[in-house]
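Note sheet for the following structure.
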């Protein structure tokens, strides 16, 4: 199955370089359809560029604190010198939506 997701330029470039290997999202109805082996087409909302990735694994958690505790900060999109803070995700999602749906780490690899 094929899924489409939008990314801002910075995380898009990290996925493209292979540094970011886990995409963080709410585990809503749309993400619940994603399975290992599926394709995710990421679209850069700033440049319009797209790239395809294969889903390697799905990791479900109650909240972003749990997700951050189980994944390397580079894999989830931080630089070595950056502080990886789960509260950063509240710039994208409300506490209520996280409590309602839970969250998911979608492990990806670039499709060749």
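Points 7 angstrom from Cα along the Cβ direction at residue 43 and residue 109: gap in nanometres?
Distance between label points: 2.7 nm.
Calculated FRET efficiency, residue 36 and residue 62, Cβ-Cβ r, R0 25 Å, to nearest 0.05?
0.75
How much length is gained if the chain between residue 84 and residue 97 is pulled fully straight, taking 0.36 nm per residue apart and subtracting their Cα-Cα distance, in nm to one decimal?
Gain in length upon complete extension: 2.6 nm.
With viscosity set to 0.890 mPa s and temperature to 25 °C, compute the Stokes-Einstein D of the chain, Rh being the Kirkwood radius across alpha carbon pairs; µm²/s, no decimals.
The diffusion coefficient I find is 174 µm²/s.
Please compute the length gained on full extension between residue 52 and residue 1, using 0.36 nm multiplied by the number of residues separating them and subtracting their Cα-Cα distance.
That works out to 17.1 nm of additional length.
Taking every DSSP beta bridge with both residues inside the chain, roughly what % is antiparallel (nearest 5)?
Looking only at bridges with both residues in the chain, the antiparallel portion is about 75 percent.
We did not get these values from a lab; they are worked out from the coordinates using the rules stated. Since the model is a prediction, treat every value here as computed from it, not as a measurement. Note that each Cβ is placed from the backbone with ideal geometry, even for glycine, and that neighbours are counted across all protein chains shown.
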